[in-house]
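The values are calculated or read from the model by the stated rules, or taken from the named source; none is laboratory data. As the structure is a computational prediction, the values presented were derived from the model and not from experiment. A quick note on method: Cβ atoms are made from the backbone with ideal geometry, for glycine too, and the neighbour counts reach across all protein chains shown.
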Amino acid sequence: MEEVATKRIELRNLELEDYLSLKKAIKEAYSGITAAHWKKKSIDKLLEIFPEGQLCVLVDGKVAACALSIIVDYAKFGDNHTYHQITGNDTFSTHDPEGDVLYGIELFVHPKFRGMRLGRRLYDARKEICENLNLRSIIVGGRIPNYKDYSDELTPRQYINSVKLKEIYDPTLTFQLSNDFHVRKIIRNYLPEERAPKEYATLLEWNNIYYQEEEKLINLPKDVVRIGIVQWQMRLFRNFDALIEQVEYFVDAVSDYQSDFILFPEFFEAPLMADYNHLGEARAIRELAAYTIRLRDKFIEFAVSYNVNIITGSMPKVEDDGHLYNVSYLCRRDGTWEKFQKIQITPSERDAWGMVGGDKVKVFDTDSGKVGILICYDVEFPELARIYADQGMQLLFVPFLTDTQNGYNRVRLCAQARAIENECYVVIAGAVGNLPRVNNMDINYAQSAIFTPSDFAFPTNAVRAEATPNTEMTVIADVSLELLKELHEHGSVNILKDRRKDLYKVVLKK
């Protein structure tokens, strides 16, 4: 009986001596594509700058498959790059040993040896390199060769979804998806000289879950963030300084627990309107607005001196255009500050005070995560929080002021929905008590709280902490940003990922 010859398979780093065998394999793998050719000087350069990133599989001593890679600082390129840009026009000047991404610039298998899963061996080896070098991810630009057969009936997104659902087989994309890569973006003109089918390609990514950012002795990115809420009792103050004294008392008390954030309620400074109650509501609110800059400056001072980031609740502000806005300030403990203007104005704010809405929804960077601010009525509009979520928001702060339990429940229930649908923490702070001498703010009801997503890693009722209803007090609790990362990738459901963006989208016009 004749014996079947056993093929010897070896995975190793590519060497200079492999070039002639490599060249023959490339010619067979890219038959009919004249542009697909690796010159010896290019291989020499890659082996010089990053030898450990160049891999090959030998079958009986000859190159049967190959994977070439460089390391890049991905932030310098973003998702809209071309192959020539990422490779420095084939000079590989973009290779950066201090970069964060292993970028795959080539992978092929000789057609004679397809079916032996040599590509999987190369991908597994790339993943090992990525983990051993502590790189954030692997990114590759992938052709979608079979799309040309469906381009008249399917958009690129529809085609990719069909491949994901295994309704269509694509030799390149199906392989990449089966190796735990996900489509990061659909790109055009990635390889213009080869005219990839219908000019479309996919940018794919594999995330290294073992990635650790370089250790620092100070200013480490925070995992656990401590949040303090002030549930403020409305009371009359004899003057501005008396109100500031009460503000500082709470900042001092909450910062003693090394809190990272303090949140005050909407219009907590309303007691200062008592002196202007006889002027009518529209005039009185503009008199209150005269205190806003002084109040903001005090918060900036307290943020620095008590080493805590403060979300100042909200206050009326007449801006340069002469309009009256409802404004919240983020006062960072490094002395910097930014503002958010309430977007959705309530009927009473508009009719009684002549207030108008802002038009900017931009996430704020802090030393304790990416935060968004919405003021009261804003949280009842899901589009705003979704825009924040698309910008990477982790914490959403919502100062509010409600008079009845009906109004409070609108804020509370919508805030809980925002936490679940955007996979983030939502913090709400309100005022309690009565102001008999201030029109339009005479009664108040609140139960301040910190809401979480709803999954196994979080409380079963999705409430991290909450205040006693209608009682002046503080709430202090810790939340984990790392749990949000795990939820995004491994939650029971993946709400952020599973949105049907092929059907609908939310776009900020300005």
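A few notes on this one:
- Qualifying residue in the stretch 278-289 (condition: β-branched (Val, Ile, Thr), buried (at least 18 other Cβ atoms within 10 Å of the Cβ) and in contact (Cβ under 8 Å) with a residue 60 or more places away in the chain): yes
- Qualifying residue in the stretch 438-447 (condition: within 23 Å of Ala385 (Cβ to Cβ), part of a strand (DSSP E or B) and assigned by TED's automatic domain parsing to the domain that holds Phe397): no
- Hits in the stretch 122-147 (condition: at pLDDT 90 or above and not aliphatic (A, V, I, L, M)): Tyr123, Asp124, Arg126, Lys127, Glu128, Cys130, Glu131, Asn132, Asn134, Arg136, Ser137
- Ser69 fulfils the conditions (1) over 23 Å from Lys127 (Cα atoms); (2) modelled with pLDDT of 90 or more except for a single criterion, (1).
- Here Ile311, Ile343 are screened, and the one residue that is closer than 26 Å to Val432 by Cβ and in contact (Cβ under 8 Å) with a residue 60 or more places away in the chain is Ile311.
- Out of Glu489, Glu466, one residue alone is farther than 30 Å from Phe267 by Cα and in contact with a strand residue (DSSP E or B) (Cβ under 8 Å, 6 or more places away or on another chain). It is Glu489.
- Residue in the stretch 351-363 that is touching a helix residue (DSSP H, G or I) at 6+ places or on another chain (Cβ under 9 Å), among the basic types (Lys, Arg), closer than 23 Å to Leu481 by Cα and surrounded by fewer than 18 Cβ atoms within 10 Å (Cβ to Cβ) present: yes
- Flag for Glu48 being touching a helix residue (DSSP H, G or I) at 6+ places or on another chain (Cβ under 8 Å), in the same structural domain as Pro97 (by TED's automatic domain parsing) and surrounded by fewer than 18 Cβ atoms within 10 Å (Cβ to Cβ): no
- Any hit, the stretch 321-328, residues being acidic (Asp, Glu) and touching a Cys at 6+ places or on another chain (Cβ under 9 Å): no
- Test result for Gln405, in contact (Cβ under 8 Å) with a residue 24 or more places away in the chain and more than 30 Å from Ser492 (Cα to Cα): yes
- For the stretch 13-27, the candidate set comprises residues that are of a type in the set (D, E, K, R) and exposed (fewer than 14 other Cβ atoms within 10 Å of the Cβ); within that set, the residue that is modelled with the lowest pLDDT is Lys27.
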